[in-house]
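Asker: Here it is, the structure in full.
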Amino acid sequence: MKLRYFDNAATSWPKPPAVAAAVHRCLVRGGGNAGRSGHAKAVAAARTVLRTRELIAELFHVADPSRIVFTKNATEALNLALYGLLGPGDGVVTSSMEHNSVMRPLRHLAHRGVRLEVVPAAVGGVIEPAAFCAVLTAGTRLAVVTHASNVTGAVTDVARIGEHCRGLGVPLLVDAAQTAGCVPIDVEAMRVDFLAFSGHKGLLGPQGTGGLYVRDARALEPLLRGGTGSRSDREEQPEFLPDRYESGTLNTPGIAGLGAGVQYLLRRGVASVQAHERRLLEIFLEGIAAVPGIEAYGPADTAARTGVLSLNVTGLSCSEAGSALEDRFGLLTRVGLHCAPIAHRSLGTFPEGTVRFGWGPFTRERDVRAGVRALRTLAGERR
Amino acid sequence: MFAQRGKQELLRELEGVVTFFGSYHAMRAESVLRKSGRRAVLIPGPREISPNCGVALRFDYIQKEEVQELLDRSFVQYESFHHYPHQG
């Protein structure tokens, strides 16, 4: 049976062939540790890392590539921003659609005396900018919001929130794990202060890559301190970027692959990927619209969504539906709570969860139509 | 052999050296200078002028002011500029 991969929201697959080639080239012909020496291999490694940093800066419209800090994933990037900024007594505002990579650090920080306010989402899991901004004050230390839900794919109007935050002087941290590479991002136009991104989802790189855009170089306390290859005469952490936040040897092969992924996106255009995924979503939604026994979640307006869709089949638990989709139809989805219990509470799907479909730049229309046929069959059997 | 001789000549012609605190800024300086059509060669950082990062950048010393301005405009942080002819 042919397998069809519908779990791009967890990690993208397939990748452009250049990604694996770049990792291979780095391991076989590369060698050397970026910034640790002046010999040819160390310089080549540092050039590889710089090139990926420059490409990501171009993708997010960042004028100074040193503001792009590499981490091992979006979770580490979010932790760097949250623990680097928040202390006892500080107020932080977030939404009820966040992933646990935001909620768990924030719940932990709340135990340490950070005042946490969670703004409930509207119907369909949409974060209303007006409702979010209404609770912000000039004394708020940080606003944190997801650019798109990993459960519903609903895209947040970050630019409107950013404009309000900048006016108040409140820094804005955006979780772009679900949007980087799938939705155009301009950190200047959107007034974003920190942007956490995954390297292995929409940016099409290998797992173990991610990063944080940092607008104000010294805004954060580092999460890690250690060797950077720079200012080796001193026992204190360097203050300049990116070294301030990048201690220890980087994942150079992963970063080489990530560079190839971003290069692919810059050539194809993120707007083209977005249009492709929207078209797939529309085909899917059209295909299941007339089918009784399928409940789909998320906003009605497909223009404000990514290529992610959560649904349930009446009479089946999400895990039964997911197993049937894989075993009988070869469709690989993700079932359950998607590490976002608060988002499922907002949608009314807690604790049961949903079946999630996540499309990518290489998903074909015929894959999506196969998904629709499988769901029709399953729903028909339950009637 | 010719390539090697060419590199030696280039190193001799580029009498300026700019040093950096970290390798990102050295690499970025090379990238920015080359994109602007200027000659630039990364070299192992001479210990006698900088204890910092492993690499420094050779450039046309005659263009010092333009190079400095370009690096400032590109957010590149450098340690210092030197007139330091290649020994060899």
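The values are calculated or read from the model by the stated rules, or taken from the named source; none is laboratory data. Because the structure is predicted, anything quoted here is derived from the model rather than measured. Using ideal geometry, Cβ is built from the backbone for each residue, glycine included, and neighbour counts are taken over all protein chains shown.
Asker: Of A:His61, A:His39, A:His99, which residue is in contact with an Asp or Glu (Cβ under 6 Å, 6 or more places away or on another chain) and either within 13 Å of chain B (Cβ to nearest Cβ) or in contact (Cβ under 8 Å) with a residue 40 or more places away in the chain (or both)?
Answerer: Of the residues listed, the single one that is in contact with an Asp or Glu (Cβ under 6 Å, 6 or more places away or on another chain) and either within 13 Å of chain B (Cβ to nearest Cβ) or in contact (Cβ under 8 Å) with a residue 40 or more places away in the chain (or both) is A:His61.
Asker: Could you check A:Tyr83 against (1) buried (at least 24 other Cβ atoms within 10 Å of the Cβ); (2) away from every other protein chain (no Cβ under 14 Å); (3) under 20 Å from the mean Cα position of the chain (by Cα) and say which number it fails?
Answerer: So the condition that A:Tyr83 fails would be (1).
Asker: May I ask you to list the residues in region A:65-74 that are touching a residue at least 60 places away in the same chain (Cβ under 8 Å) and either over 13 Å from A:Leu173 (Cβ atoms) or at the interface with chain B (Cβ under 8 Å from one of its Cβ atoms) (or both)?
Answerer: A:Ser66, A:Arg67, A:Ile68, A:Val69, A:Phe70, A:Thr71, A:Lys72, A:Asn73
Asker: Going by what's in this entry, would A:Gly113 be described as away from chain B (no Cβ under 14 Å) and more than 27 Å from A:Glu163 (Cβ to Cβ)?
Answerer: Taking the combined requirement at face value, the residue satisfies it.
Asker: Specify which of the listed residues (A:Leu223, A:Leu266) is among the aliphatic types (A, V, I, L, M) and either farther than 22 Å from A:Tyr213 by Cβ or surrounded by 15 or more Cβ atoms within 10 Å (Cβ to Cβ) (or both).
Answerer: A:Leu223
Asker: Would you confirm whether or not region A:214-229 contains a residue that is touching a residue at least 40 places away in the same chain (Cβ under 8 Å), within 21 Å of A:Leu173 (Cβ to Cβ) and not in a loop (DSSP other than H, G, I, E, B)?
Answerer: Yes: region A:214-229 contains one or more residues that are touching a residue at least 40 places away in the same chain (Cβ under 8 Å), within 21 Å of A:Leu173 (Cβ to Cβ) and not in a loop (DSSP other than H, G, I, E, B).
Asker: While we're on this one: Quick one: how many residues across region A:32-71 are surrounded by fewer than 18 Cβ atoms within 10 Å (Cβ to Cβ) and farther than 22 Å from B:Ala56 by Cβ?
Answerer: Going through region A:32-71 one residue at a time, the tally reaches 3.
Asker: What is the one condition in (1) modelled with pLDDT under 95; (2) over 19 Å from A:Arg234 (Cα atoms); (3) outside any helix (DSSP H, G or I) that B:Ala3 does not satisfy?
Answerer: Every condition holds for B:Ala3 apart from (3).
Asker: Something else about it: Which one of the conditions (1) closer than 24 Å to A:Pro242 by Cβ; (2) under 13 Å from the mean Cα position of the chain (by Cα) does A:Thr146 fail to meet, given that it meets all the rest?
Answerer: (1)
Asker: Scanning for something crowded, with 24+ Cβ neighbours inside 10 Å and touching a residue at least 60 places away in the same chain (Cβ under 8 Å), does region A:111-121 turn up at least one residue?
Answerer: yes
Asker: Please enumerate the residues belonging to region B:36-61 that are more than 10 Å from every other protein chain (Cβ to nearest Cβ) and free of Cβ contacts under 8 Å to residues at least 24 places away in the same chain.
Answerer: Correct list: B:Gly37, B:Arg47, B:Glu48.
Asker: OK, next. I'd like the residue in region A:352-372 that is more than 21 Å from the chain's Cα centre (by Cα) and under 16 Å from A:Thr314 (Cα atoms) and, out of all such residues, is surrounded by the most Cβ atoms within 10 Å (Cβ to Cβ).
Answerer: By that ranking, first place goes to A:Val372.
Asker: Given (1) within 14 Å of chain B (Cβ to nearest Cβ); (2) farther than 28 Å from A:Thr363 by Cβ; (3) in contact (Cβ under 8 Å) with a residue 24 or more places away in the chain, where does A:Gln237 come up short, assuming only one miss?
Answerer: For A:Gln237, the failing item is (3).
Asker: Identify all residues within region A:122-132 that are touching a residue at least 12 places away in the same chain (Cβ under 8 Å) and within 22 Å of the chain's Cα centre (by Cα); write none if there are none.
Answerer: Passing the criteria: A:Gly124, A:Gly125, A:Val126, A:Ile127, A:Pro129, A:Phe132.
Asker: Which residue, of B:Gln87, B:Gln68, is more than 8 Å from chain A (Cβ to nearest Cβ), more than 20 Å from A:Pro238 (Cα to Cα), polar (S, T, N, Q) and outside any helix (DSSP H, G or I)?
Answerer: From the options B:Gln87, B:Gln68, the qualifying one is B:Gln87.
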